[in-house]
Each structure stands twice: as structure tokens, then as C-alpha cells.
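K.L.:
Got a structure for you, written out below as C-alpha cells; questions coming shortly.
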Amino acid sequence: MSANQRHDDAPVTEVVVVGGGSAGWIAACRLAAQAQRTRSGVAVTLVESARIPTVGVGEGTWPTMRNTLAKIGISETDFVRGCDAAFKQGARFAGWTDDSPGEGYYHPLNPPAGATELDLAPHWLAQSDAPEAADFATWVDFQATLCDAGLAPKSITTPEWVGQANYAYHLDAGKFATLLREHAVERLGVRHVLGDVARVEQGDGGDVTALVLADGAAIAGDLFVDCTGFAALLIGGVYAVPFRRCGDVLFADRAIALQVPYDREDAPITCHTVSTAQAAGWIWDIGLWTRRGVGHVYSSAHIGDDEAEAALRRYVGPAADSLTARRITIDGGHRERFWQNNVVAVGLSAGFIEPLEASALMLIEASMDAIADRLPRTRGAMRVAARQFNAAFTHHWARIIEFLKLHYAITKRTDTDFWRDNASPATWPDGLAERLELWRTQPPAPQDFDHAREVFSWPSYQYVLHGMRFDAHYAPIDPAAPESALARRHLARAERARAEAMQRLPRHRDLIRAVREHGLQAV
Amino acid sequence: MSGLVALDPARHETVRFDAAAAGRGRAIAQLGRGEIALAACDMPLCFAKDGGTGRFNLVALMALGGDNLFAGAGGFHATYMPQAVLLGAFRLAEGGSGLAIDPADASIGARGAALIERGAVTSLVAELRAALQRLVEDVAAARALAEALARHRLLRPWRLVLRRAEAREHALDGLYTIDEEALAALDEAAVVALHRDGSLAAAAVIAASRQQLERLRQLHDAAQPDARIVVGELRLTSEPRARLDNHVI
Ligand SMILES: Cc1cc2nc3c(=O)[nH]c(=O)nc-3n(C[C@H](O)[C@H](O)[C@H](O)COP(=O)(O)OP(=O)(O)OC[C@H]3O[C@@H](n4cnc5c(N)ncnc54)[C@H](O)[C@@H]3O)c2cc1C
């Protein structure tokens, strides 16, 4: 047997995760839960520095998190209790289209009514000029109405992971990592090693064979998952995989974060993320059980740090006076490759862009879906897995950058250079420019994308385009056409769902209180 | 149960309690753990969630989308009347007579045993209070049973579909039953633990009582020969979780 053959046949049985932030612990939990479920014999070790803190932010998730938690074996009740979590039904973008008072639109997590059967967008557009016409999100689905009313997406009698409306979460990032760590170590048998990686040993062909810690201990492995955050210890430090910046498209390169307590114990908890446009960026506002997480994301080329912090404090009001803000630098972009040799980067080490659609945790989950559920059994198979992974995630990053840019590109704001620069086609990715041309006369549809499973599917594009009153002219609608009758049927059904949901669903804070007190049932 | 008022010797002098008339207008009744074997002789037993806590209560099903099928003009036609049916017009109360009544309940009226005589409560009131106290404890024990079964994932939705000739289907939602597949797959330690505390035997009786659905159907058709009913169970074919994969679709 040749040395190459031996190398290719080497089994993958020891997986080492480096880094103990959200990425590291999600990775370890997914790998270990899968190994436990299949009794594959794969062992998982997580090494983290006790000295280097985690980034400590990242509080908005996607609905995918329900799947991830269920796969890991954490109950929804334990998650809600352990992470001070709240439910999230989407995002409201305030002041993005123009800066008139009250301007805003929803990107809800529910798809438009009948989305698997027909496309309501042309039907909405055909009547959108009428006086009193509802906005797109409200017309095609009921979730925006729930958000406005502060109602939850489910009730205490709804089983865990299920909702009357689609939902994700807002969570406390620090508590999330702690919950995952305890679960990983106590229930899933993950070996937890505290130590700073000081040196990396490499073997034939450059594969990493072991991590050497500051105290001299060596941790050997067959596959290494680099979750070291912005340090990118292996993917950057060892392999120097080039970093593809996207600051020319997405200008935000700074964030300032505050944790704001509620002014009274029973203050309503907003059931969606609020993103409010600013002169040179935007402010996120996320409601947890115990506090709000609020932060300003902005472009340092367009505004100074102190001015940005002042804007954030103005947004929060007097409650911010006694609070200390955290400043974070964002180097927007991603690696050219994520999986190199036997190292795969997951989390901030793979890349990061402004958290406008909270896609970072989702990318960690998607990465672990690909890695844990299809863990290569041999070093040879890893080559194929790496090629597939790199192609898929290069595509996802490009699409995410385009989708985030869409929120800026079609603004009607002209009040600052930040917005004027964003609206300039010179700053648009080619893929976005091309699709926007198409979408002037046709609504976004599955056929507009290369992959069967896009991270942002066509309804997301419709919510943003029509939420921002994009100037579109679709083919006229014939009210007597069979498709119009189908549309009316779906709309009537959506109306019934709206009435029922408004009548039955509890206030968001009341639901969280009930979950914390009584728990959700599995069925 | 919205019309509860404190039993007041001054106001309720003429009010009487007719046990045989209890149950009308009541489709389900909560059961205590000690009632399982008794009620299973007549009715399907299942679980329903409490609206405020989401926790499971053990209940007896006594109707198919209409009125109580056991409660008729001539009394309650079953070998056993659940305590919650019998005591349905009463609640324990603080102070005064220690009892609250619902004057609108079918068992309260001009017939039956007196609650007040010569300006004072009769001994029946003390008996009712004692029975209510026992029921509260027994219902708590049934909740503990349900909790244990739920913890071992032994409950599943029991979706009933009622079909009347030439009428639209009508679903009975919000009921749960024993998941016998899950029961069969229990690991040994759980089997022993659930057997020792009597939960396994209770689960077997509750599962078997589903067959009493046929009894309800017969009672229904006997009462309404012109509007016969077909009762079916709707089984979920696909995992609802599969829908969660994507962002919006
Ligand atoms: C301002 C901001 C807002 C965000 N908002 C969202 C959001 O709403 N939704 C969302 O999904 N995401 C959001 N994110 C992204 C999200 O925070 C991250 O994706 C997530 O927290 C994962 O981080 P991580 O685990 O990759 O890195 P980190 O949390 O930085 O963890 C890095 C780990 O590596 C360890 N480490 C580093 N070097 C070494 C070494 N030499 N030896 C040993 N260990 C080492 C550290 O100790 C640490 O444990 C946001 C990010 C920022 C900056």
C-alpha cells in the first residue's frame, strides 16, 4: 500500500474543536450528538482559552435554531429558561426606505400565503395603488399584525418547536454558550480542555496533526474545527487562506453595543428585531426576557465613533446614561476557502459581515449540518467533502452579501453620503444589479437562484423589495383568471388565520413567563 | 363555571342539589387517578392540556361534538359518574359556608337534596366539601401520572374526526392519548420505574379505554337515528419538524 493510499484510508475518529464561543459549542454539540445517536465512535474534544474572551454578542437567530437545538437534544423549555430567550417573528426595518416619521416595513418569518402554490406579489401590486391598500407583508400574511400587537407566535398549549406562526429566537449569547457547554460535557460526553493553543504540529501534506497548548499538552486529532473567532488561528494563522473583504459593498465596519434593562418588570417584549436606520448605519434592538440588547452598526468612513455612540445613546434615552458601551471592530468579508486540508473554519473565523439579517449563527448551523451529518469517514473522503463545502458556502456568502446590500441599494434616502453611496450602482454586486433589472418586471422567484436551497429564499426578497416600495411593473392581473380565484382563496384563508391568531395568541411576555413557569410539552 | 357564587343561607334557602341531573352540557370531565378503572368501563379516557399552564389533565370524553351522551332526561346512563361531573356545580371557597355554587348548573334547582334548611347549611354541604377536597388531591395525582407519561414521551395527539352524513367533517382537537409505539420502545429502567409506581398499568387501561369511542358512537346514533355519525382517527403522516429547515419556506 502506498503512503498516499494509507493517508487516504486513515479513518476520521478524533474531532477537535478549537474555541468556546457560540460556534465552538454548537459545533461540539452537533458532532457529539450525532456520534451518540449513531454510536459512530467519533470522539469530540473542545479546546478553549480561559484568557481570550468570546465575542459575547450575537443575539438574533433564524428558525433553523429550533432544528439545531432539537438535534442537539436540548428541550425548548430548558433553552428558553437557560438563555433568557424570547421569541422572534422577523424584523421590522424602520426608516430604511425614507426618513419620514413612522416609515417602516416587516420582513416576517412566515412565507406569503399559498407560497407553495402561487405567487401573490403581482396580485398585491395590482391593487397597491388603491387608497387604504395594506402594505405587502400585511396583505400576504398575518404575522406582521401579530408583531404590531405584541402577540407571541404560539401559546403555552402548543408543543415545543411548533408555532401557529413561524419563529426564531432572541437569546443571551453568554448564557447560550454556557447552556451548550454544560449539555456538551454532561450529556454528550465532549472532552473540555482549557488552554491556549501556542503551537500547531503539521504532518505530511500540511495536515494539522496536533495542537500544542501553552502548558505543553498536545491534543491530537483527525479533523480540526476552527472556531477561534476573529483570531482565525488555523484557517488564517496556519494556512493563511486569503480573506475576501466586502467593505466596498457593505460599508459597516464598527459596532457599539449596550445592554439596556427594562424600565418595569412587566414591560412588553417586542416579538421581532427592530432595525432603525441611522445617518451612517442602523441600530438593532432585541428584546430578551431580562433586558434589551441594543447596538449601532455603522461605517467609520461616514461617521466618527463618538458621534455614533452619541446617536445610540440618544436612541436609548436616559436609560443609557449609566450604561457602559462596548465597541467592536468588524472586518467585513469571508475566507476564500473554509475547509483547507483537515481544518474547517466555522463561525467568525470563516467570516463576518454586519448582522443585518442575523445570518451568522445560521451559517454556523448550516456548516454543522454539512459537517456533522456527513462527517467524512476517511481522510480521502474529506477532500470531496471539503470541495463540496467550499463551493456551497462561497455561494451562500455571495448571496448573503447581495441580500444585505438589497436593503441599502433601493433606499429612497438621500440625506447622507452613506445612503447616497449605497444607492450608487457602482457599489452593487453584479448578481444583485442583474436581478434588480429582472425584478422591475417580474417578482423574485425560485428560478432566479442557482441553488435549490438558498439561505434567503424568494419570499425574503419580495418582503424587502415591496416593503421598500421598489418600482416594479408586473404583467397585469385578470381578476377573472383561475389564478386570481386561487389567490382570493388563499387570502381569505390568511384572513381567517389572522382573526384566529389575534384572538387566541397570548402577549409575548405572558407566553415566556408561562414557559419559564410550566414548561412546554413535547407533543 | 362563570356563574360561581358563595353558598349563602340567606339567599339560597330554596336551592337543592339533584345528583342525577349532573353532567348536562359537559363534554369532558377531569378525572382523578383513583377513577381510572371505574370511568374506563364507560368512557374513553384521554388527556387535555390546561389552558393556563399547558400541562396535561386526565379527562373522560363524554360527547362527540354535541351534548353529554350519558346525561339524559332520566338521569346519568353510565355505571360510573366521574366525581368532577357529580360535583360540577360546586367549588371549595374561603370563608362562609366554605362552598361556592353555580346556580346555572343542571344539578342545581328545585329538586333533590336540600343544601340549606332553617337558615343553616345541611350536613350535605360538609359531605360535598370533603368530596371536593378528595377530588382535588386525586386530580393532582392524575396530573403527576400525566407528567410522568409525558416525561417519558408516552403521549401522542389523538385527533378525532367526526363525519355526519351530508355534513362537513368536524375535528375534535386538543386531545392526547397513550403512544403505544413509544410504550413498546421504552428502555428497561423506565419500564421498571413506571411499573413500580403503577403508571404502566394506568397507561394500559387508558389506552384500552379508547375503544369506548364506539360506545359514544352507539349512544349518539341511538339518540339521533337520523343523524348517524362516523368517528375516525386522523394519523399524522409526516413529521411537522421537517417544515423548520428553511428560513421562510
Ligand atoms: C456586533 C455583532 C452583532 C452580532 N449579531 C448577531 C446576530 O444578531 N445574529 C447572529 O447570528 N450573529 C450575530 N453576530 C455574530 C455572532 O456573534 C457570532 O457568529 C457568534 O457569536 C460566533 O462567534 P464565534 O464562536 O465564532 O467566536 P467567539 O465568540 O469570538 O469565540 C472564539 C473562541 O476562540 C477561543 N480562542 C481564540 N484564540 C484561541 C487560542 N489561541 N487558543 C484557544 N482558544 C482560542 C476564545 O477563547 C473563544 O472561546 C454578531 C456579531 C457582532 C460582532
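Since every read-out is calculated from the coordinates, none of them should be taken as a lab result. None of these values were measured; they are calculated from a predicted model. Glycine gets a Cβ as well: all are built from the backbone with ideal geometry, and neighbour counts include every protein chain shown.
K.L.:
Can you give the helix-only mean residue ellipticity at 222 nm for chain A, where every DSSP H stretch with n ≥ 4 adds -39500 (n - 2.57) and the sum goes over all residues, rounded to the nearest 500 deg cm²/dmol? Kindly include the intermediate steps, with their values, before the conclusion.
P.N.:
Working: 16 runs with 191 residues, N = 523.
After summing the helix terms and dividing by the residues of chain A, the value is -11500 deg cm²/dmol.
K.L.:
Quick check on the exposure proxy: order A:Phe352, B:Phe70 from fewest to most C-beta atoms within 10 angstrom. Let's see the in-between values first.
P.N.:
Details: A:Phe352 20, B:Phe70 25.
With the sparsest Cβ surroundings first, the list reads A:Phe352, B:Phe70.
K.L.:
Would you please give the residues with an amide H less than 5 Å from that of A:Ser299, counting only those at least 5 places away or on a separate chain, with H modeled from the backbone geometry?
P.N.:
Answer set, sorted by chain and number: A:Asp253.
K.L.:
Same structure, new question: What whole number of Å gives the distance from the Cα centroid of region A:440-500 to the Cα centroid of region B:87-153?
P.N.:
56 Å
K.L.:
Under 16 Å Cα to Cα from A:Lys88, which lysines show up? Leave out anything in the same chain fewer than 8 places away.
P.N.:
A:Lys88 reaches A:Lys154.
K.L.:
Here is a further query. Would you mind calculating the gained length between A:Arg377 and A:Glu307 on full extension (0.36 nm times residue separation, minus the Cα-Cα distance), in nm to one decimal?
P.N.:
19.9 nm
K.L.:
Also, quick follow-up: In whole Å, what are the Cα extents of region A:147-292 along the three principal axes, biggest one first?
P.N.:
Principal extents (largest minus smallest coordinate, Cα): 61, 45, 28 Å.
K.L.:
Tell me, what HN-Hα J-couplings in whole Hz come from the Karplus equation 6.51 cos²θ - 1.76 cosθ + 1.60 at θ = phi - 60° for each residue of region A:510-523, using x for Gly and Pro?
P.N.:
After applying 6.51 cos²θ - 1.76 cosθ + 1.60, I find 5, 5, 4, 4, 5, 5, 5, 7, 10, x, 9, 7, 6, 10 Hz.
K.L.:
So for B:Glu169, A:Glu365, fewest C-beta neighbours within 10 Å to most, what's the order?
P.N.:
Values: B:Glu169 11, A:Glu365 23.
So the ranking, lowest neighbour count to highest, is B:Glu169, A:Glu365.
K.L.:
In whole percent, what relative contact order does chain B give with Cα contacts below 8 Å and a gap of six or more residues?
P.N.:
Working: 419 pairs, mean separation 64.0, N = 249.
This gives 26 percent for chain B.
K.L.:
Could you give each residue of region A:310-322 its phi-based ³J(HN,Hα) in whole Hz, using Karplus coefficients 6.51, -1.76, 1.60 with θ = phi - 60°, and x for Gly or Pro?
P.N.:
4, 5, 5, 5, 4, 4, 6, x, x, 4, 7, 3, 8
K.L.:
How do A:Val55, A:Val80 rank when sorted from fewest to most other Cβ atoms within 10 Å of their own Cβ?
P.N.:
Numbers: A:Val55 17, A:Val80 22.
With the sparsest Cβ surroundings first, the list reads A:Val55, A:Val80.
K.L.:
When Rg is the radius of gyration of the Cα atoms in region B:5-246 and Rh is its Kirkwood radius, what does Rg/Rh come to? Working shown, then result.
P.N.:
Working: Rg = 20.2 Å, Rh = 19.8 Å.
Rounded to two decimals, Rg over Rh is 1.02.
K.L.:
Taking N as the number of residues in region A:253-329, what is its Cα Rg relative to 2.2 N^0.38 Å? Don't skip to the answer; put the middle values down first.
P.N.:
Working: Rg = 12.3 Å, N = 77, 2.2 N^0.38 = 11.5 Å.
It is 1.07.
K.L.:
Mind putting together the pair-distance distribution for region A:15-158? All Cα pairs, 10 Å bins, whole percent per bin, short to long.
P.N.:
Over region A:15-158, the share of Cα pairs per 10 Å bin runs 9, 26, 27, 20, 14, 4, 0 percent.
K.L.:
Once amide H atoms are placed 1.01 Å from N in the peptide plane, what residues at a sequence separation of 5 or more from A:Gln278, or on another chain, have their amide H within under 5 Å of its amide H?
P.N.:
A:Ile283
K.L.:
A further question on this structure: Within region A:485-523, name every residue whose backbone N is under 17 Å away from a label modeled 7 Å from Cα of A:Asp78 along the Cβ vector.
P.N.:
A:516-523
K.L.:
B:Asp226 to A:Ala485: FRET efficiency via 1/(1 + (r/R0)^6), r the Cβ-Cβ distance, R0 30 Å, to the nearest 0.05?
P.N.:
On the way: r = 36 Å, r/R0 = 1.21.
FRET efficiency, B:Asp226 to A:Ala485: 0.25.
K.L.:
Separate question: Which whole-Hz ³J(HN,Hα) couplings does region A:111-119 yield from phi under the Karplus relation 6.51 cos²θ - 1.76 cosθ + 1.60, θ = phi - 60°, glycine and proline marked x?
P.N.:
Rounded to whole hertz, the list is x, x, 3, x, 4, 7, 10, 7, 10.
K.L.:
At what distance in angstrom do the alpha carbon centres of region A:153-229 and region A:395-424 lie from each other?
P.N.:
33 Å
K.L.:
Evaluate the distance, in nm, between pseudo-label points positioned 7 Å from the Cα of A:Arg6 and of A:Leu438 along their respective Cα→Cβ axes.
P.N.:
That separation, rounded to one decimal, is 5.2 nm.
K.L.:
Now, a different point. Rounded to the nearest 0.05, what FRET efficiency do B:Arg235 and B:Ala204 give with R0 = 22 Å and r taken as the Cβ-Cβ distance? Could you check?
P.N.:
Values: r = 21 Å, r/R0 = 0.95.
Working from the Cβ atoms, E equals 0.60.
K.L.:
Can you give the FRET efficiency for A:Thr38 and A:Ala445, using 1/(1 + (r/R0)^6), R0 = 41 Å, r = Cβ-Cβ distance, to the nearest 0.05? The partial results should precede the final answer.
P.N.:
Numbers: r = 38 Å, r/R0 = 0.93.
After rounding to 0.05, the efficiency reads 0.60.
K.L.:
On to the next question. Under a point spin-label approximation (7 Å from Cα along Cα-to-Cβ), what is the B:Asp50-A:Ala198 distance to one decimal in nm?
P.N.:
Between B:Asp50 and A:Ala198, the label points sit 5.8 nm apart.
K.L.:
Enumerate the amide H contacts of A:Ser359 below 5 Å, restricted to partners 5 or more residues apart or on another chain; note that Pro and chain-start residues carry no placed amide H.
P.N.:
none
K.L.:
Further question: Under a Cβ-Cβ cut-off of 12 Å, what is the net charge of the residues other than A:Thr276 that fall near it, where Lys and Arg count +1 and Asp and Glu count -1? Don't skip to the answer; put the middle values down first.
P.N.:
Values: positive: A:Arg92, A:Arg314; negative: A:Asp99, A:Glu103, A:Asp285.
The answer is -1.
K.L.:
How big is the protein assembly as shown on each of its three principal axes, counting only the C-alpha atoms and giving the largest first in Å?
P.N.:
Result for the protein assembly as shown: principal-axis Cα extents of 93, 70, 57 Å.
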